[in-house]
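**Student:** One structure, as structure tokens, below. Some questions next.
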Amino acid sequence: MITATEFRAIANNGIWKQNSSLVQVLGMCPLLAVTTNAVNGIMLSLATILVMALSNLAVALLRNLIPHEIRIPVFILIVASLVTIIDLLFAAFLHELYLVLGIFIPLIVTNCIVLARVEAFAAKNPPLQSMFDGMFMGVGMLWTLALLGGLRELIGAGTLFSGIEMVIAGLQPLRLLPESYPGFLLAVLPPGAFILLGCLIAGKNWMDARLRAKGDSRSPVAAQTAGR
């Protein structure tokens, strides 16, 4: 079983404290290449969440049966099997999006985030905690890629959720800026992704510093010092 305290700690760690994109800066290839719009980032992140949650669960269940000397090849085999299943599902049911995402779905196998959590957490913890760790690490990646893709798409073309019709038939992207908006090409090119990612990292660091400052100001020691 998992306690509420453990659940909150795992969720906070994956979504914010140890965010794979903004803190650990792992998986830079899909982060910068796929996030030309929000839909691409969201769908690749959802695929990664499934892989991370299920691979963590499988490794946690089998960790006592896997010899230490061959653990890495076995971990990769588990991850590769899950990625192959998801790749085939994308090809069967979301073929247009599958063609857009291309090689980046199979490349989940080599994503540093997936193997890092399998090795660092799932191989040492119970199944339920491991599954939630993988899921919330994926959620941290999801909101980061969705935000980065949305910003790049909005600044670059003035739209949001371009390509949503490939996922849900009949839906159309939102145009948030006027038709006359000329677009900003840098935003959808790799240098624009680097710049916006740097801004997101700086924003997170600023928020963390503000929270630490508030926490320090409310501590008893700080209150006594201020009183003197």
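The values are calculated or read from the model by the stated rules, or taken from the named source; none is laboratory data. Just so you know, these numbers come straight off a predicted model, no measurement behind them. Every residue, glycine among them, receives a Cβ derived from its backbone with ideal geometry; neighbour counts consider all protein chains shown. Side chains are part of the model used for accessible areas, which takes the heavy atoms of the whole protein and leaves out ligands, DNA and RNA. Shrake-Rupley method; radii C 1.70, N 1.55, O 1.52, S 1.80 Å.
**Student:** Could you give every pair whose Cβ atoms fall below 6 Å, whose first residue belongs to the range 104-125 and is within 15 Å of PHE136 (Cα to Cα), and whose second residue is in a loop (DSSP other than H, G, I, E, B) and open to solvent by less than 30 Å² (accessible area, probe 1.4 Å), counting only separations of at least 6 or pairs across chains?
**Tutor:** Qualifying pairs under 6 Å: ILE113/SER20; ILE113/GLY27.
**Student:** Quick one: how many residues across the range 143-197 are in a loop (DSSP other than H, G, I, E, B), under 19 Å from ILE42 (Cβ atoms) and hydrophobic (A, V, I, L, M, F, W, C)?
**Tutor:** Number satisfying all stated conditions: 6.
Results for (1) surrounded by 20 or more Cβ atoms within 10 Å (Cβ to Cβ); (2) within 30 Å of PHE7 (Cβ to Cβ); (3) β-branched (Val, Ile, Thr); (4) in contact with a Leu (Cβ under 6 Å, 6 or more places away or on another chain), shown as yes or no for each residue.
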site	(1), (2), (3), (4)
ILE113	yes, yes, yes, yes
GLU119	no, yes, no, no
SER162	yes, no, no, no
LEU171	no, no, no, no
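**Student:** If you scan the range 26-44, which residues turn out to be touching a residue at least 40 places away in the same chain (Cβ under 8 Å) and loosely packed, with under 15 Cβ neighbours inside 10 Å?
**Tutor:** CYS29
**Student:** Suppose we filter ALA92, ALA60, ALA47 for residues that are free of Cβ contacts under 8 Å to residues at least 40 places away in the same chain and either out of contact with any helix residue (DSSP H, G or I) (no Cβ under 8 Å at 6 or more places or on another chain) or open to solvent by less than 20 Å² (accessible area, probe 1.4 Å) (or both); which single one remains?
**Tutor:** None of the other options fit; the residue is ALA92.
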